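Data first, discussion second: the structure below is written as structure tokens.
The values are calculated or read from the model by the stated rules, or taken from the named source; none is laboratory data. All values derive from a computational prediction rather than experimental measurement. Ideal geometry is used to build each Cβ from the backbone, glycine not excepted, and the neighbour counts take in all protein chains shown.
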Amino acid sequence: MSKNTPKAIRGTQDIFGADAEAFAYVVETFERVRKLYRFRRVEMPVFEKTEVFSRAIGETTDVVSKEMYSFEDRGGDSLTLRPEFTAGIARAFLTNGWQQHAPLKAATHGPLFRYERPQKGRYRQFHQIDAEIIGAAEPQADVELLAMADQLLKELGIEGVTLHLNTLGDADSRDQWRAALIDYFKKVEGGLSEDSQERLEKNPLRILDSKDRRDQQFLADAPKIDDFLTDEATAFFEAVTSGLDAAGVKWKRAESLVRGLDYYRHTAFEFIPDEGSAAAEALGAQSTVLGGGRYDGLMESLGGAPTPAVGWAAGIERLAMLVGQRAEQPLLDVIVAVENDEAIGSALKSVSAMRHAGLSVDLIASGSPKKRFDKASKVNARALLSIDIRDGETQANVRSADATGLTSQIDALLKNLL
């Protein structure tokens, strides 16, 4: 490579070969599962007005304050490459009149962008699958989303992953819990990390999932959400857990699992690899496979009417790492050897007919005509079709050890062509 050849931007990746097949397998499986659950496909812009994300995600979050790719366009508007899907989908729900479809079950996938330190399974341009239910206040919506996520992981063949589940309560529960946390952490403020001291007034719930040892010493005695749950919030969480049990989704309570933004309500969840599992070894410290929660207050932050909603997202790169390498190409159905150049036209007709019939076909029509058959015979394919023209007549011969009737299928396709 020349010194003048441009290099890829740090935190981006070129995906090829078996890695690309694993990536595609994740997307194809997601598309198949979302259709089973009747989630409608949506496509979202890659960039939005910056305020969509600053209002939805929160000015005080690291995503907005440190990680967004924002720029001013030629018209003077501040735009941002999307760092997540939910905010854009919420904006579209409000601006496109999608309320008429509520409860709307929507799903999408594609690239997202965050300026952060690249590490294993985490990039500055990364890709996610995303599923949302907007306009459904019932706990059954949470159960359906979680059942869908659980089935997706199972169909991908990912084992050793458990659903970690918590409740953040309703608005009243959360407000009382938040006030109690501020009172508690203020008493030990001097011992907290700098980040947690900054979060104390704005996002005290974020302290509960801090990985800093200075904070962790205070977490065991911190107020618990269960002490502040209203009867309604308790009933909601019980409906979610009993629904998961009925659906056969295994889960465990995770009291430290929180969401810092005020519009999150009730269910918060993450699918996390079990300690010592192959999934944990593959992902390292970045342990969350899929996560989400209920965000009943988000629409109001974007100027909409109060609208209940719940959703989740998962990184395609991480899922692909857990899926493992896939065969770059499935077994080829037919390899075609064109034994002289005069037969190329006939070969192309044959190849087109077979592909339109749903067979995968490759063609060897270059190089020495005498060596084409030998090259074709070394290709791992279910059938070898040789095409030649002798004395003005086209000769086509099929060789196959396949017992599924492939030879007869090929003969029938070529009968009226050659």
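Quick notes on this structure:
- From the options ALA235, ALA149, residue that is in the same structural domain as VAL258 (by TED's automatic domain parsing), modelled with pLDDT of 90 or more, crowded, with 18+ Cβ neighbours inside 10 Å and small (Gly, Ala, Ser): ALA149
- Put simply, of LYS349, LYS375, LYS370 the only residue that is in contact (Cβ under 8 Å) with a residue 60 or more places away in the chain, assigned by TED's automatic domain parsing to the domain that holds ALA337 and over 14 Å from LEU332 (Cα atoms) is LYS349.
- Matching residues in segment 194-220 - criterion: being of a type in the set (D, E, K, R) and out of contact with any helix residue (DSSP H, G or I) (no Cβ under 8 Å at 6 or more places or on another chain): GLU194, ASP195, GLU198, LYS202, ASP209, LYS211, ARG213
A quick yes/no check of all residues on (1) outside the structural domain of ARG253 (by TED's automatic domain parsing); (2) polar (S, T, N, Q); (3) within 20 Å of ASP209 (Cβ to Cβ); (4) outside any loop (DSSP other than H, G, I, E, B):
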| position | (1), (2), (3), (4) |
| --- | --- |
| GLU275 | no, no, yes, no |
| GLY304 | no, no, no, no |
| GLY311 | no, no, yes, yes |
| ARG318 | no, no, yes, yes |
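- Filtered residues of segment 55-87 (kept if free of Cβ contacts under 8 Å to residues at least 24 places away in the same chain, touching a helix residue (DSSP H, G or I) at 6+ places or on another chain (Cβ under 6 Å) and surrounded by fewer than 19 Cβ atoms within 10 Å (Cβ to Cβ)): SER70
- Evaluating VAL334 against the criteria (1) buried (at least 18 other Cβ atoms within 10 Å of the Cβ); (2) more than 39 Å from the chain's Cα centre (by Cα); (3) assigned to a strand (DSSP E or B) leaves one unmet condition, (2).
- Of all residues making up segment 378-418, the number that are closer than 25 Å to GLN329 by Cβ and in a strand (DSSP E or B): 12
- Selection of segment 239-269 for residues being in contact (Cβ under 8 Å) with a residue 40 or more places away in the chain and of a type in the set (D, E, K, R) yields LYS250, LYS252, ARG253, GLU255, ARG259, ASP262, ARG265.
- Residue-level check: of (1) of a type in the set (Gly, Ala, Ser); (2) in contact with an Asp or Glu (Cβ under 7 Å, 6 or more places away or on another chain); (3) under 26 Å from ALA235 (Cβ atoms), ALA280 misses just (3).
- So MET354, is it surrounded by 13 or more Cβ atoms within 10 Å (Cβ to Cβ) and under 30 Å from THR267 (Cα atoms): no
- Residue among VAL258, VAL249 that alone is in contact with an Asp or Glu (Cβ under 6 Å, 6 or more places away or on another chain), under 19 Å from LYS211 (Cβ atoms) and buried (at least 17 other Cβ atoms within 10 Å of the Cβ): VAL258
- Counted residues, segment 21-38 - those being more than 17 Å from GLN128 (Cβ to Cβ), surrounded by 14 or more Cβ atoms within 10 Å (Cβ to Cβ) and of a type outside the set (Phe, Trp, Tyr): 1
- Single match in GLU132, GLU201, GLU155, GLU189 (criterion: surrounded by fewer than 16 Cβ atoms within 10 Å (Cβ to Cβ) and farther than 16 Å from ALA222 by Cα): GLU155
- Residue check, ALA141 surrounded by fewer than 20 Cβ atoms within 10 Å (Cβ to Cβ) and in contact with a strand residue (DSSP E or B) (Cβ under 9 Å, 6 or more places away or on another chain): no
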